[in-house]
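These notes concern the structure reproduced below.
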Amino acid sequence: MRDVGTLLEALPYIREFHGKTVVIKYGGAAMNDPALREEFARDVVLLKYVGLNPIIVHGGGPDITAYMNRLNMPVEFIGGLRVSDEDTVEIAKMVLVGKVNKDIVGRINRHGQPAVGLSGDDGQLFRVSTMLGPGGEDIGFVGKIDRVDVGVLTHIAEDYIPVVASVGADRTGRSHNVNADEAAGAIARALGAYKVIFLTDVAGWLRDPADPDSVISEAGADEVETALEHMQGGMRPKLQACVEAIHGGVTYAHIIDGRLPHSLLLELFTDAGIGTKVRPAT
Ligand SMILES: Nc1ncnc2c1ncn2[C@@H]1O[C@H](COP(=O)(O)OP(=O)(O)O)[C@@H](O)[C@H]1O
Ligand SMILES: CC(=O)N[C@@H](CCC(=O)OP(=O)(O)O)C(=O)O
């Protein structure tokens, strides 16, 4: 009975989300654990089967750091963004496009839906300009997405699940490393997505980062903007991306715990939402 109850609980959500675009930022723990990687791919395939239009944007920061360590390269983050010289961008591109992207595409394919991997360069999906750190610091070739070619994504999404790696070039063709949260927010905004969902390695946005039980379950974009004035670390680009997505017309942005098996399905299809939900300002 419990199983059929779960299905019945999901039905109104399946109806609500049918045909809607959901941008999913895949990163954190859900990406590092092989069993969770497999479950994530299966969940995404299920979303496509029940009529949603999932667009995947992935990170891979820990993998980039691991390769930089192997090469004895210095690793530095400012405000959650990796300081990126030319060599760092090259490593980020190799790891994200060559390794992580293909792993995700392969898994989704194997679960029964064809996926296509893209970076900002493919079909000129997006163009970037060099951005500064939160205090106006020079952080190298870190890109902010200026323009997304929505046509490329909508075209591909008709038949495939797009899987986007967050590297792209500026108008002169110079490659930049883009934080994957920023990329997901910009893509959700450009597409006018219904939702953008960030999977990460904590339970959500925590009132006290040292207290895992202090999840803020719901916040307006205005409250998030105020908090951003004093925030550092990996949650910063995520919340920034939530605000930008909401300002761009995305209805809801969610930050959820990727360590929890099937967190994506729980967030979308059950009454008890998980993590942090960011809504338009009230
Ligand atoms: N207020 C906060 N709430 C939650 N996490 C925070 C907060 N402040 C800083 N963080 C840090 O942000 C991290 C998540 O960002 P990040 O490591 O970039 O994740 P991902 O790889 O999923 O993009 C958390 O593991 C935590 O260490
Ligand atoms: C500029 C910048 O910070 N780029 C990120 C890109 C990957 C990423 O965002 O990965 P996660 O989502 O797993 O953190 C980086 O180099 O780590």
- Task: With springs connecting C-alpha atoms under 10 Å apart, model the chain as a Gaussian network and identify which of ASP257, ASP211, ASP170 has the largest mean-square fluctuation.
- Result: ASP211
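Taking 2.2 N^0.38 Å as the expected size of a compact globular protein, what ratio does the Cα radius of gyration of segment 153-207 give against it, to two decimals?
Values: Rg = 13.8 Å, N = 55, 2.2 N^0.38 = 10.1 Å.
Rg over 2.2 N^0.38 Å, computed on Cα atoms: 1.37.
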- Query: When the dipole is taken about the Cα centre of segment 35-166, and only Lys, Arg (+1) and Asp, Glu (-1) are charged at their Cβ, what size is it in debye, to the nearest 20?
  - Reply: 440 debye
- What is the percent of Cα-Cα separations in the chain that go past 27 Å? 35 percent
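Over segment 170-261, consider all pairs of different Cα atoms and compute the Kirkwood hydrodynamic radius from their mean reciprocal separation; express it in Å, one decimal. Working shown, then result.
Details: mean 1/r = 0.0720 Å⁻¹.
Answer for segment 170-261: a Kirkwood hydrodynamic radius of 13.9 Å.
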- Message: Below 12 angstrom from the Cβ of HIS254, what's the summed charge of the other residues (Lys, Arg +1; Asp, Glu -1)?
- Response: +2
- Message: So if I take the centroid of the Cα atoms in segment 149-175 and the same for segment 102-137, what is the distance between those two points in Å?
- Response: 7 Å
- Extension gain ALA66-SER214, at 0.36 nm per residue separation less the Cα-Cα distance, in nm? 50.3 nm
- Query: Considering only protein heavy atoms and a 1.4 Å probe, what is the carbon-and-sulfur percentage of the accessible area of segment 48-174?
  - Reply: 50 percent
- Item | Most mobile listed residue (ALA165, ALA245, ALA35) in the chain, GNM with C-alpha springs under 10 Å | ALA35
- Query: Can you pull the accessible area of HIS155 for me, 1.4 Å probe, Å² to the nearest 10?
  - Reply: 130 Å²
- Message: Taking the alpha-carbon distance from LYS144 and a cut-off under 25 Å, which lysines remain once sequence neighbours fewer than 8 residues away in the same chain are dropped?
- Response: LYS25, LYS93, LYS99, LYS102, LYS195, LYS238, LYS277
- Of ARG110, ARG37, ARG171, which has the most accessible area and how do the rest follow, probe 1.4 Å? ARG171, ARG110, ARG37
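So, for segment 1-71, what is the accessible surface per residue at a probe of 1.4 Å, expressed in square angstrom?
Values: 3520 Å² over 71 residues.
Accessible area per residue, segment 1-71: 50 Å².
The values are calculated or read from the model by the stated rules, or taken from the named source; none is laboratory data. Quantities reported herein were computed from a predicted structural model and do not represent experimental measurements. Glycine also receives a Cβ, built like all others from the backbone with ideal geometry; neighbour counts cover every protein chain displayed. With ligands, DNA and RNA removed, areas are computed over all heavy atoms of the protein, side chains included. Shrake-Rupley method; radii C 1.70, N 1.55, O 1.52, S 1.80 Å.
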